[in-house]
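Worksheet: the structure to be examined is printed underneath.
The values are calculated or read from the model by the stated rules, or taken from the named source; none is laboratory data. Because the structure is predicted, anything quoted here is derived from the model rather than measured. Methodologically, a virtual Cβ is constructed for each residue, glycine included, from the backbone with ideal geometry; neighbour enumeration extends over all protein chains shown. The accessibility values were calculated without ligands, DNA or RNA, using every heavy atom of the protein model including side chains. Shrake-Rupley method; radii C 1.70, N 1.55, O 1.52, S 1.80 Å.
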Amino acid sequence: MTDHALLGPWVRRFLIDYLVQERNLSINTQRSYRDMLALLLPYVGDHLKKSVDRLTVEDLSVDLVRQFLADLEARRRCIAATRNQRLGGLHTLARFIGQNSPEHIAWCTQIRLIPFKKTAHPGITYLEKPEMDAILASPDRHTALGRRDYVLFLYNSGARASEAAEVRVSAIDWYAQCVRITGTGNKRRACPLWPNTLDELQFLVANRAPEQRLFLNRNGQPLTRFGIHTLVERYASRACAQSPSLASKRVSPHVIRHTAATHLLRSGADINTVRAWLGHVSLATTNLYAETDLATKARALAMCAPAAEGAINKSWRQQPDLLAFLRGL
């Protein structure tokens, strides 16, 4: 059996050469593809009674892939969105093999014809202004950790937890009053900061090297996105005393990101500005906030409301102010 037929060398080239060197995808995206293969390959090997290192490309048949996807939902209790994510990774692998191995084009086509499952788009969860204010008031800003946590809530920048964890001291532009964030796909954007956020950051970065991570734990080690998630949940639980409605909501860093976007739209920011603020590639992603926010819809509805019953539109000849204005031109 040639190495060209074996699946193992293709997987290695896909994970190392293609995802890292050619595409330069983020670490989290690389891990997503890796996890998909870590689930798929043992499943196929068990069903075919073959060692994983002896599997061939043709062993990944359409029937086995469909069974694997069904197993994800039945045994692992994955939702349809997770199933589709795994299938998307497999489609990418099939396209990579088909582009580099003409004899596998027919197999590639069959794998890529496996359809995604239609899913319902869940509504976006966000916090109302009093709820967000209650969370922001929770940290004790007289302490160093309290000041760090106040800035870490991401409400100002709308950053993802993974993005905030990677921010370094040098990313703060004091002259432009903004923070430069590296998002998914290594795309960079600048988010303006409020004066009070800058004040807290000045205290936070005092005597710190530019290459250091901005957010550190009490042991001086960089905070992870999981640590940020834990902090947000802890303060949201504390804020329930001031804002009881928080008890019925599951608050996470991404919910605060949704909140920042929704409040920007309510304040009158145009949708394209919000898209650039959040780092979305497609405007369709940002449009979800406008579709979800009832306050924005109500304001738009009020602008096109019909005239009140009984109101009579006067002819221009019956408007002396208008006529006087025209004669004075």
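How many nm is it between the label spots at LEU64 and ARG213, if each spot is 7 Å from the Cα in line with the beta carbon? Each label point is offset 7 Å from its Cα along the Cβ direction, giving 3.9 nm.
The share of Cα pairs per 10 Å bin across the stretch 1-100, counted from zero up to the longest distance, runs 14, 49, 33, 4 percent.
Farthest towards the positive end of the charge dipole of the chain, among the residues ASN84, ASN207, SER243, is the Cα of SER243, using unit charges on the Cβ of Lys, Arg, Asp and Glu. The spread of Cα positions in the chain, taken along each principal axis and listed from longest to shortest, comes to 93, 60, 42 Å. Using only side-chain charges placed at the Cβ, +1 for Lys and Arg and -1 for Asp and Glu, the dipole size of the stretch 37-115 relative to its Cα centre rounds to 300 debye. Which log10 I(q)/I(0) values does the stretch 35-190 give at q = 0.13, 0.16, 0.18 Å⁻¹ under the Debye formula, counting every alpha carbon as one identical point scatterer? Scattering profile of the stretch 35-190, log10 relative to I(0): -0.83, -0.96, -1.07. Segment THR285..ASP173, full-extension length gain: 37.5 nm, with 0.36 nm per residue of separation and the alpha-carbon distance subtracted.
According to the calculation over all Cα-Cα pairs in the stretch 68-148, the P(r) per 10 Å bin from zero is 15, 24, 18, 16, 16, 10, 1 %.
Backbone geometry of the stretch 180-188 corresponds, through the Karplus equation with coefficients 6.51, -1.76 and 1.60 at θ = phi - 60°, to 3J(HN,Hα) couplings of 9, 10, 9, x, 5, x, 6, 7, 10 Hz, x marking Gly and Pro.
When the charge dipole of the chain is built from unit charges on Cβ atoms (+1 for Lys and Arg, -1 for Asp and Glu) and taken about the Cα centre, the candidate among THR182, SER252, PRO115 whose Cα reaches farthest toward its positive end is SER252.
For the stretch 15-20, the Karplus equation 6.51 cos²θ - 1.76 cosθ + 1.60, evaluated at θ = phi - 60°, returns couplings of 6, 9, 6, 7, 5, 8 Hz by residue, with Gly and Pro reported as x. Under 5 Å between amide hydrogens, built in the peptide plane, is the criterion, and for GLN242 it picks out nothing among residues at least 5 positions away or on other chains.
Solvent-accessible area per residue in the chain equals 58 Å², computed with a 1.4 angstrom probe and all protein chains kept.
In the stretch 1-159, Cα pairs under 8 Å separated by at least six residues give a relative contact order of 18 percent. Take every pair of alpha-carbon atoms less than 8 Å apart whose residues are at least six positions apart; their mean separation over the length of the chain yields a relative contact order of 15 percent.
As a test of the formula, what do you get for the chain when each DSSP H run with n ≥ 4 contributes -39,500 (n - 2.57) and the sum is divided by the residue count, at 222 nm and rounded to the nearest 500 deg cm²/dmol?
It lands at -15500 deg cm²/dmol.
The alpha carbon convex hull volume per residue for the stretch 105-219 rounds to 180 Å³.
For the stretch 221-263, state the semi-axes of the equivalent ellipsoid (square roots of 5 times the eigenvalues of the alpha-carbon gyration tensor), sorted largest first and rounded to whole angstrom.
19, 14, 7
Between the amide H of ALA269 and any residue lying 5 or more places away or on another chain, no distance stays under 5 Å, with hydrogens modeled in the peptide plane. Accessible surface of the chain, 1.4 Å probe: 54 percent of it comes from carbon and sulfur atoms. What the phi angles of the stretch 165-170 give under the Karplus curve with 6.51, -1.76 and 1.60, with θ = phi - 60°, is a coupling list of 5, 8, 5, 10, 4, 5 Hz, glycine and proline written as x. Given the Cα atoms of the stretch 170-269, and with Rh set as the inverse mean 1/r over their pairs in the Kirkwood sense, what is Rg to Rh to two decimals? Looking at the stretch 170-269, the ratio lands at 0.98. About its Cα centre, the chain has a charge dipole of approximately 160 debye under the convention of +1 per Lys or Arg Cβ and -1 per Asp or Glu Cβ, with nothing else charged.
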